[in-house]
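Visitor: What follows is a single structure, and I will ask about it in a moment.
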Amino acid sequence: MSGAPFDVARIRADFPILHQEVRGRPLVYLDSAATTQKPQAVIDALVRYYTHDNANVHRGVHALSERATLAYEGARERVRRFINARETKEIIFVRGCTEAINLVAQSYGRSKVGPGDEVLITAMEHHSDIVPWQMLCQQVGATLKMLPVDEKGDLRLEQLESMLTERTRLLAVTHVSNALGTVNPVRDIIKRAHARGVPVLVDGAQALAHFRVDVQDLDCDFYAFSGHKMFGPTGIGVLYGKASVLESMPPWQGGGDMILSVTMEKTVYNRLPYRLEAGTPDISGAVGLAAAMDYLDSVGLDAISAHDQSLLEYGTRALESVPGLKLFGRARERSGVLSFLMEDVHAHDVGTILDREGVAIRAGHHCAQPLLSCFGVAATVRASLAMYNTREDIDALVRGLHKVREVFA
């Protein structure tokens with residue numbers, strides 16, 4: 001499909017879960033920021049692996065183990081190409097973006113951050129990019145600082161220079177806000193942080209389903225993401241790290257392939273990437289993630305990005321036409337998220353009524369409570385978009401919102 005006109009009907013045909021009714025109505029799935037649906041190609045890859053190749057990796061000498069190892073390590077190379085890392089040893093398989101961030105906090109952070117040091121995050125972060133740093137700072141006696149956002153949902157980058165100090169040991173920033181859809185200028189942020197000698201971790205969980213990411217071009221020190229938010233399986237994620245940085249990190253968990261030898265006196269640790277991958281990995285998840293990346297490339301990320309922006313613009317105009325509705329997030333650049341509230345109606349009530357209309361959205365704080373508090377609200381309704389969504393999906397959402405108004409009139 002790459003290079004061909006964007007054919008959303010053809011894409012939707014690849015996602016079997018979309019072709020069902022919910023509460024007697026055709027499913028309209030607008031919750032892809034929480035998890036994306038899976039194309040048949042990913043489902044087939046999982047079935048094929050478990051049907052023909054299932055075995056543990058690296059240690060076996062039999063044929064199934066050899067095939068499973070080739071599939072697993074082939075997936076690592078596929079990830080390397082997809083994000084343009086230099087070497088496969090820079091690709092660490094983890095359970096998801098959350099585990100990737102915790103790995104950096106507890107390995108890199110515990111070895112580099114000490115009493116009186118600082119970690120800088122932003123008010124836009126998902127809880128998974130806040131709590132690990134809070135835990136680290138409490139453990140070592142460091143200070144956690146937070147770069148604020150403005151009323152439009154952009155970071156107050158004019159304050160970045162003053163918040164980066166000689167005690168700043170790491171900056172963590174989300175690429176795309178899961179609650180507002182703000183796309184942060186991470187390349188510029190990284191450049192400014194590096195000028196002060198500060199390494200940067202980027203939370204890319206919401207980015208890779210929408211546009212191409214090149215970690216060498218960004219020059220980030222770490223990039224974390226989850227498979228399930230980019231049409232892959234749950235339970236698999238990736239921590240990318242520059243090889244020189246990963247080499248400096250002690251193991252976080254022990255056991256399995258992270259060792260070369262063990263005696264009662266000492267353990268000799270394995271080389272990268274295995275030193276940071278303890279225990280039996282999610283082999284099938286890695287295989288499914290590789291299949292998801294193949295699928296994304298077959299559609300074309302430039303085409304996906306253009307479709308995403310067109311749909312976001314259409315959705316913004318459509319929601320603005322609903323009386324009593326307030327949109328949150330008017331950042332300079334956005335991707336994939338429409339966040340709003342309806343006058344005098346709780347977000348969860350909106351979600352419940354929309355569900356009766358077959359429209360799946362998310363209502364709540366979206367694991368971004370500090371961000372929502374900046375806007376003086378405890379929750380919003382979030383409609384989040386993916387490549388398989390259509391203008392008809394937005395129209396169904398708007399009809400559902402008019403139903404909400406009727407119920408609460």
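The values are calculated or read from the model by the stated rules, or taken from the named source; none is laboratory data. Just so it is clear, the model here is predicted, and its values are computed rather than measured. Positions of Cβ are backbone-derived with ideal geometry, glycine not excepted, and every protein chain shown enters the neighbour counts. Ligands, DNA and RNA are excluded from the accessible area calculation, which covers all protein heavy atoms including side chains. Shrake-Rupley method; radii C 1.70, N 1.55, O 1.52, S 1.80 Å.
Visitor: Normalising by the residue count of the stretch 54-187, find the relative contact order in percent from Cα pairs under 8 Å and 6+ residues apart.
Guide: Averaging sequence separation for qualifying contacts and normalising by length gives 19 percent for the stretch 54-187.
Visitor: Got the relative contact order for the stretch 291-409 handy, in percent, Cα pairs under 8 Å and 6 or more residues apart?
Guide: 28 percent.
Visitor: Something else now. Any lysines with Cα under 22 Å of the LYS89 Cα? List them, leaving off those in the same chain fewer than 8 positions away.
Guide: Straight-distance partners of LYS89: LYS112, LYS242.
Visitor: At a 1.4 Å probe radius, which order do HIS348, HIS366, HIS58 fall into by accessible area, largest first?
Guide: Largest accessible area first, the list is HIS348, HIS58, HIS366.
Visitor: Return the long-range amide H neighbours of LEU147 (sequence gap of 5 or more, or a different chain), with a cut-off of under 5 Å between placed amide H atoms.
Guide: HN-HN under 5 Å from LEU147: ILE121, THR122, ALA123.
Visitor: Could the peptides 384-392, 175-183, 100-108, 144-152 be put in order, highest first, of the mean number of other beta-carbon atoms found within 10 Å of their residues?
Guide: Per-residue Cβ counts within 10 Å, averaged per peptide and sorted highest first, yield 175-183, 100-108, 384-392, 144-152.
Visitor: Next question. Report, in debye and to the nearest 20, how large the dipole of the stretch 157-265 comes out about its Cα centre when Lys and Arg carry +1 and Asp and Glu carry -1 on their Cβ.
Guide: 220
Visitor: Something else now. So how strong a dipole does the stretch 1-141 carry about its Cα centre when Lys and Arg Cβ are +1 and Asp and Glu Cβ are -1, to the nearest 20 debye?
Guide: 300
Visitor: Please report the relative contact order for the chain, taking Cα pairs under 8 Å with a sequence separation of at least 6, and give it as a percent rounded to a whole number.
Guide: Worked out over the chain, it gives 24 percent.
Visitor: What ³J(HN,Hα) values, in whole Hz, does the Karplus curve 6.51 cos²θ - 1.76 cosθ + 1.60 give for the stretch 200-208 when θ = phi - 60°, with x put for Gly and Pro?
Guide: Values per residue, Gly and Pro as x: 10, 9, 10, 7, x, 4, 9, 9, 6 Hz.
Visitor: Then there is this: Taking a cut-off of 19 Å between Cα atoms, list the lysines near LYS152, but don't count ones fewer than 8 places away on the same chain.
Guide: Straight-distance partners of LYS152: LYS326.
Visitor: If R₀ is 30 angstrom, what is the calculated FRET efficiency for the pair SER248 and THR88, using the beta carbon separation as r and rounding to 0.05?
Guide: 0.95
Visitor: Say each of SER310 and TYR50 gets a label point 7 Å from the Cα, pointing the same way as Cα to Cβ; how far apart are those two points in nm?
Guide: Placing both labels 7 Å beyond Cα along the Cβ direction yields 3.7 nm.
Visitor: Hey, could you pull the Cα Rg and Dmax for the stretch 107-213, both in Å?
Guide: 13.3, 39
Visitor: On to the next question. Specify, per residue and in Å³, the volume enclosed by the convex hull of the alpha carbon atoms belonging to the stretch 191-288.
Guide: 114
Visitor: Continuing with the same structure: Kirkwood-based Rg over Rh for the stretch 70-110 (C-alpha set), two decimals?
Guide: 1.03
Visitor: Write down the Kirkwood hydrodynamic radius of the stretch 242-297, to one decimal in angstroms, obtained as one divided by the mean of 1/r over all alpha carbon pairs.
Guide: 13.0
Visitor: Toward the positive end of the charge dipole of the chain, about the Cα centre and with charges on Cβ (Lys, Arg +1; Asp, Glu -1), which of CYS374, GLN138, GLY60 goes farthest?
Guide: The residue sitting most towards the positive pole is GLY60.
Visitor: Determine, for each peptide in 81-89, 124-132, 258-266, the mean count of other beta carbons within 10 angstrom over its residues, then list the peptides with the highest first.
Guide: Averaged packing, sorted descending, gives the order 124-132, 81-89, 258-266.
Visitor: Further question on the same structure: Can you classify the stretch 1-124 as rounded, prolate or oblate using the Cα gyration tensor, where a ≥ b ≥ c are the square roots of its eigenvalues, rounded means a/c under 1.5, and otherwise it's prolate if a/b beats b/c and oblate if not?
Guide: Oblate, because a/c is 1.5 or more while a/b does not exceed b/c.
Visitor: Order CYS374, CYS220 by their accessible area, 1.4 angstrom probe, all chains in place, largest first.
Guide: CYS374, CYS220
Visitor: Could you tell me what a quarter of the Cα convex hull surface of the chain works out to, in nm² with one decimal place?
Guide: Its Cα hull, projected and averaged over all orientations, spans 21.2 nm².
Visitor: Something else now. How much of ILE92 can a 1.4 Å solvent probe reach, expressed as accessible area in Å² and rounded to 10?
Guide: Counting only protein heavy atoms, the figure is 0 Å².
Visitor: Which value results for Rg/Rh of the stretch 279-409 when Rg is the Cα radius of gyration and Rh the Kirkwood radius based on the inverse mean 1/r?
Guide: 1.04
Visitor: Calculate, in nm to one decimal, what ASP349 and ARG110 gain on full extension: separation in residues at 0.36 nm each, minus their alpha carbon distance.
Guide: 81.7 nm
Visitor: What helices does the chain have that are whole DSSP H segments, at least 24 Å long along their own axis by Cα, and with mean Kyte-Doolittle hydropathy of 0.0 or more?
Guide: Helices passing the filter in the chain: 283-299.
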